[in-house]
Amino acid sequence: MSSSATDISLVSAKQPGWNRPPVIEPDGEGELLEVAMGPHHPSTHGVFRMDVALDGERVIRLKPVFGYLHRNHEKLAEGMTYLGSMPFTDRLDYMCPLTNNWAYALAVEKLTGQEVPERAQYLRAILGELTRVVNHASAIGFLIQEMGASGTPLMYAFKEREKILDLFEAITGARMMVNYMRFGGCRVDATPAWLAAVRTVLDGLPRFADEFENLLCGNEILMARTQGVGILRPELAVNAGVTGPMLRASGVNYDIRKVDKYGIYDRFKFRVPLGEHWDVYDRFMIRLLEMRESFGIIDQALKEIPGGPVMDAKAKLRGFRPKAGEAYGRIEAPKGELGFYLISDGGPNPYRYRIRPPSLINLTVLEDMCLGSNVADVVLIFGSVDIVLGEVDR
Amino acid sequence: MLGEGILKGLGETARNFAGSFVSAERLTTVQYPEERVAPIEATRDFPFLVYDGTDWEAGLRCVACQICEKECPPKCIYIVKSTDKKPDALGKPQIYPARFDIDISVCMSCQICVEVCPFEAIKMDTEFELSTTDRFGGLLYDKRELSKSNEHFHAIHPTEAAEVDARLAEEKAKADAKAKAAAAAAAAKAAAGPAPANPAAAVKAAEGDKKE
């Protein structure tokens, strides 16, 4: 690289390379090795490819390639009724279908000005936070799995996930493809028995979190592998539009539950954990801490949940035609900001239907985090982003 | 001390391992084909058509209104309306589905057909062992394969089925009252009141009345 006086005038007052990946130069000995990690690599959580250029063990370039799981969701939705798209939203981020339902319902409710009954709001909050517990527990499990601890931590997480999925099945009828929320409420009401079952599961959750922390937190191998690895600077995270636990692990205090207070989140007391070191360990730790905050929210919601209907009496199921207009509804999904942008032309199906998926946008900074690290750490950094390919490719 | 964290973690796994011998709660795996967990009541997978009484063809509640066909997101339902009319459960002459096919290889179990059906004619089944060697014909269910009795519905979703029966009984009572009033008005045609098409529905209706 030549650095003449004219070049310096082009560089802004900001840190050099603040908005682009750092340039890692090969050491000049031997040739670069180009590796295609994926699309069927076991660590890629689905079908995703990373084209990596390696100098020995060091990553010089990394190009994420996605689109293998593209299912044309957005275009399909334009030819379908508003209700018809609801079951398809389950299949975006299939680890947390209920928050997908919620975001879509929220966007349509904004479009039509539809009210949601109190009880439905509480049910949504309970189910949304249970989803967050499921997602974070399994995200940690997968992260540890990618470190080489095959099985044990993941199965511990899945044991707890199973209990929560049974709760989902008892109220929605399905473990994952729930299709539960409707514009103006929820499809079925929770029975007292179901709420009692949530309480039972919730009482067991702190013990699970303790067990998980005992198992993992102080583990020297885990710390050696994750601390100082995959650093994401806050300014880059903000510029790239990264949201969710990724952004908070970079020390930026931004939680849409606090910022937007959608639903009834202004009524709950909870804290937003923030990272200090911006590395993989922080991302792992943030998820553990957020899980514990979620227990608190579910507890408050279970205590306060009122009676009454779960569907607004004026809500329409069929023949649903919103007035012409547009709306953007967003929620704090477990993976970040999940938004649905809808434009209505007054017809029975949306004129434009666009999703802002947290997984895809969090993935765009993958190269910045991976450059200069070892190839074994790429898998780990990728795991710490916590993506689901169904949402990346849609 | 280096290694303390690892030992602590191993302690946790050892506790779980040893615990699995004494506490059944820690044994979470079920050996599937031999052992089965009891299904959760709300479970759903694929739709079926409900019929009242014993004759599946006469007792079908479906009147081929084609609402489910229109609302189905993946468009897996195919209905052909009949050209003639047959008496339905209430004894009223109705159009019936000459053909009612569901391709369950396309169906995504979303339950929207159940929600939009105004006649309580289509419900979700819980049968999940449906594997077949014929992936085209074997997964395309016709009217005969889809028809299941109301008793089956009661067996798999007791709470929902009881609600549905109560609702239908209410409707029937209203229809009967209306018919009676009409009959009273036209006293000469007293015999014109609709006779229930099948005895089972009538018995159920009577039970529903008793409850209320």
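Can you tell me which of (1) at pLDDT below 85; (2) crowded, with 22+ Cβ neighbours inside 10 Å; (3) not aliphatic (A, V, I, L, M) is the one A:Lys314 doesn't meet? So the condition that A:Lys314 fails would be (2).
In the condition set (1) away from chain B (no Cβ under 12 Å); (2) within 19 Å of A:Ile298 (Cβ to Cβ), A:Gly184 is compliant with all but (2). For segment A:51-92, the set of residues classified as out of contact with any strand residue (DSSP E or B) (no Cβ under 8 Å at 6 or more places or on another chain), within 14 Å of chain B (Cβ to nearest Cβ), closer than 28 Å to A:Gly128 by Cα and part of a loop (DSSP other than H, G, I, E, B) consists of A:Arg71, A:Asn72, A:Met80, A:Thr81, A:Asp90, A:Arg91, listed by residue number. The listed residues are B:Thr133, B:Thr159, and the only one of them that is within 14 Å of chain A (Cβ to nearest Cβ) and out of contact with any Cys (no Cβ under 6 Å at 6 or more places or on another chain) turns out to be B:Thr159.
Would you list the helices (runs of 4 or more DSSP H) that sit entirely within segment A:218-301 and hold 1 or more residues that are closer than 15 Å to A:Val385 by Cα and in contact with a helix residue (DSSP H, G or I) (Cβ under 7 Å, 6 or more places away or on another chain)? Walk me through how you get there before you give the answer.
Values: elements: A:220-226, A:234-240, A:245-249, A:256-259.
Helices (runs of 4 or more DSSP H) meeting the threshold: A:220-226, A:234-240, A:245-249.
Here the condition is being within 14 Å of another protein chain (Cβ to nearest Cβ) and of a type in the set (S, T, N, Q); of A:Asn239, A:Asn253, A:Asn214, it holds for A:Asn214 alone.
Among the residues of segment A:138-160, the one identified as under 16 Å from A:Leu202 (Cα atoms) and either among the acidic types (Asp, Glu) or modelled with pLDDT of 90 or more (or both) is A:Glu160.
When A:Val178 is tested against the conditions (1) closer than 30 Å to B:Glu4 by Cβ; (2) under 21 Å from the mean Cα position of the chain (by Cα), the lone failure is (1).
Within segment A:147-174, if we keep just the residues that are more than 9 Å from chain B (Cβ to nearest Cβ) and not in a helix (DSSP H, G or I), the residue that is surrounded by the most Cβ atoms within 10 Å (Cβ to Cβ) turns out to be A:Met147.
I'd like to know if segment B:99-117 contains one or more residues that are at pLDDT 85 or above, touching a helix residue (DSSP H, G or I) at 6+ places or on another chain (Cβ under 7 Å) and more than 29 Å from A:Asp90 (Cβ to Cβ). Yes, the conditions are met somewhere in segment B:99-117.
The values are calculated or read from the model by the stated rules, or taken from the named source; none is laboratory data. In this text the structure is predicted, and so the values were computed from the model without any measurement. All Cβ positions, glycine included, derive from the backbone under ideal geometry; neighbour counts span all protein chains shown.
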